[in-house]
Amino acid sequence: MSGSKNCNYKKQKVFIMNPKFEKGQLVKLVNTTKMGVICEDPKNISGDVYYVLFIENTQKTYSEESLELVVVKNKDTISMFQNDAFASLKDFYSYLTFIKVERPLSNNLYSFLSSRTEFQVYQFKPVLKYLSSPYQRLLIADEVGVGKTIESGIIFTELLSRSELRNVLIVCPSALRYKWQAEMKRRFNEDFTLIDSDSLKVFLKKYERYPNGVGIKGIVSLQTLRNEEIMDEMERLQIPWDLIFVDEAHHMRNENTRSSKLGKLLSSTSDGMILLSATPLQLGNKDLFNLFNIMLPEMFDNFNAFEEQVKPNEYLNLALRKISQKESPASILKTLRRVEETSQRERFLANPNYNYCTELLSRIKILSSNDIVNLQRKIDELNVLSQIYTRTKKKEISIESPIREPVTIKVNFNDNERYYYQNVENLFLTLYPNCPPGFLLQMPCRQVASCIPASIEYLKEIYKSGKLQLSEEEDYDELNYNNKIILTKGDLLQIESLIDFAENNISIPDSKTIAFIKTIQEVFSKGTIKKIIIFSFFKRTLTYLEKQLKIPGLSVLRIDGDVPFIERERILSDFANSCGEQILLSSDVGGEGLDMQFCNCMFNYDLPWNPMKIEQRIGRLDRYGQKSSKIHIYNFSIENTIESDIFLRLCNRIGVFGLCRKATLAFILT
């Protein structure tokens, strides 16, 4: 698929006696000033000799009699500069195009500047890495807001310029389909069809009848593809995909889920595969291994072996940091040589790049600019993952990241609220001991800590249905146990008692809401912030907050997963263009795919257990195009509840709310 087109036709050669010209020579048309380069061997057509020229930005065929050799006089380069003897811009582009066509190399970009995007050098890093990789597999793990969609479009247009792409899929969460479609059209003028379950089934039926007569270039949701019926059909048909992009690929990281199985199926039938994830992936981590196993199962088939393979990367990355900080060659060399302490010692000692680096560092005292460039390139190539993994951080490029300024609002329950929370906790955390508490039984506790009035509605829903099931507000993928619990009469009596207690003893607004609205009003009163985005995990909480915020006359908009994406963009546009004070309520799912860099203040009304989610929230604001030097982050936490446990985990173990953006994604794994 990555083969290149050039101007050499694969035809049987006919021997020609004493041709006047040869391939590569500069000639001109007789009695004209038009010049071109011969780009093929001479051809014998009906006894006459003809040549194919690259002339006037195209290829044309001329007879030998119509051409004459251009004699190029060697001139002194300095004198040519002094005499302004420059070629025209048109001639330069023509020659550059010829060189690229004549010598199709992996680092020649045929679609260079073909997009409607602001040129950023770093966005070409993934395509160059993909082209130089023998595997046609790449994991792009850039930080949120760097531009993974644009990088994907660059890869697509480059491969399209080199060969035919008949079957191409972009796989992403459902909420991101419209954004992908709009971005590919607006930036690259490429039309991708939105594929739903029905249209995909139609394509599969057509493919079964006419496998060589149909093709598809579309965007499909992860949820649609992992449907059991569709997966079975795709596995049976073994459709040869030319190229597949998987956005938010971390959804495939869990083994023995349908998402993971889907990833392996797509990989096994695709020529090229690009995984995209802003999720931090620490080297040696099982999640990272699982994603690499999807892309290259034959290379990454054993986790223990993988951990041994990537151990040297710690020292390679540290050596690169020391180089960028311009530490002494001796210090860099000492760090670099630590790779010899690992099980990969012999691999490094036999590597010319490693020997070059150690030899250079051992004989010089100060690194020149050329030394730094060469060392960085060669050490990066020593990384065992370098051919299939790329990651760009904001601090590595010319994007000045804003400072994250966190403010923690700690709230204490009153006696009635505390009693209610403790009884919910006692009921649900002991309800079903065989169920992992991190997934199911903590949800009621989290809902109470998020918003007591909303939790009362939640308990009423449970009581009415007679069962406890996973919230629809988070993508849990597929778990390996039954995701719902049928409640007993005794359980329902306890829930009924809790509802009765809450409705008769808990005031509305509750303590958290009072502190929240007070903080909102204080922020607006300073006059420097006009727009605030408020995130909550729970749609019930958003519904309640919308009502409460409107009581004091605040202007409120709301988006969540139930709002169609096109409508979300309209609401976001209204929010961005509003002149006065404006609040936007958003769920995690509702905010997916929306760029909010025009806003610099956010409230985490509650915190998700998954650290990836909190970074994605902040990343909606902290992204390319953010003009403010600070992002204000207000975090609410109810003391001595599951919410405060989550907050401590995020702060102490992860450092998400670091002041100077020490909370880059690389730190969000322990």
Taking segment 33-59 and keeping only residues that are assigned to a strand (DSSP E or B), more than 23 Å from LEU96 (Cβ to Cβ) and open to solvent by 40 Å² or more (accessible area, probe 1.4 Å), one is left with LYS43, ASN44, ILE45, ASP48, TYR50
For segment 484-517 the number of residues that are under 37 Å from the mean Cα position of the chain (by Cα) and under 30 Å from LEU557 (Cα atoms) is 5
In segment 60-116, anything in a helix (DSSP H, G or I), at pLDDT 80 or above and open to solvent by less than 70 Å² (accessible area, probe 1.4 Å) is listed as GLU64, SER66
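Restricting to segment 146-172, what's the tally of residues that are outside any helix (DSSP H, G or I), open to solvent by 10 Å² or more (accessible area, probe 1.4 Å) and within 22 Å of HIS251 (Cα to Cα)? If you could, list the steps in order and put the result at the bottom.
Within segment 146-172, the subset outside any helix (DSSP H, G or I) is 146-147, 163-172.
Next, from what is left, pick out any that are open to solvent by 10 Å² or more (accessible area, probe 1.4 Å): 147, 163-166.
Right, trim to within 22 Å of HIS251 (Cα to Cα) and you get 147.
Going through segment 146-172 one residue at a time, the tally reaches 1.
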Taking segment 624-643 and keeping only residues that are crowded, with 20+ Cβ neighbours inside 10 Å, not in a strand (DSSP E or B) and not hydrophobic (A, V, I, L, M, F, W, C), one is left with GLN626, THR641, GLU643
Based on what the data block shows, is GLU143 within 29 Å of PHE300 (Cα to Cα), assigned to a loop (DSSP other than H, G, I, E, B), open to solvent by less than 10 Å² (accessible area, probe 1.4 Å) and in contact with a Ser or Thr (Cβ under 8 Å, 6 or more places away or on another chain)?
yes
| said: Would you confirm whether or not segment 591-599 contains a residue that is surrounded by fewer than 20 Cβ atoms within 10 Å (Cβ to Cβ) and more than 18 Å from ALA278 (Cβ to Cβ)? | reply: yes
ALA278: passes all of (1) surrounded by fewer than 20 Cβ atoms within 10 Å (Cβ to Cβ); (2) part of a loop (DSSP other than H, G, I, E, B); (3) in contact (Cβ under 8 Å) with a residue 40 or more places away in the chain; (4) not polar (S, T, N, Q) but (1)
Checked segment 231-273 for anything closer than 21 Å to LEU131 by Cα, part of a helix (DSSP H, G or I) and over 20 Å from the mean Cα position of the chain (by Cα); matches are SER268
Within segment 644-663, restricting to residues that are open to solvent by less than 10 Å² (accessible area, probe 1.4 Å) and in a loop (DSSP other than H, G, I, E, B), the one that is modelled with the lowest pLDDT is ALA663
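Looking for whichever is open to solvent by less than 30 Å² (accessible area, probe 1.4 Å), of a type in the set (Asp, Glu), closer than 16 Å to ILE633 by Cα and in contact with a Pro (Cβ under 9 Å, 6 or more places away or on another chain) here; the options are ASP588, ASP510. Which one fits?
On the way: ASP510 fails: closer than 16 Å to ILE633 by Cα.
Of the residues listed, the single one that is open to solvent by less than 30 Å² (accessible area, probe 1.4 Å), of a type in the set (Asp, Glu), closer than 16 Å to ILE633 by Cα and in contact with a Pro (Cβ under 9 Å, 6 or more places away or on another chain) is ASP588.
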Requested in this report: Report yes if some residue within segment 364-375 is part of a helix (DSSP H, G or I) and surrounded by 17 or more Cβ atoms within 10 Å (Cβ to Cβ); otherwise report no.
Outcome: yes
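The values are calculated or read from the model by the stated rules, or taken from the named source; none is laboratory data. Quantities reported herein were computed from a predicted structural model and do not represent experimental measurements. Note: ideal-geometry Cβ built from the backbone for every residue, glycine included; neighbour counts use all protein chains shown. Only protein heavy atoms, including side chains, enter the accessible area calculation; ligands, DNA and RNA are left aside. Shrake-Rupley method; radii C 1.70, N 1.55, O 1.52, S 1.80 Å.
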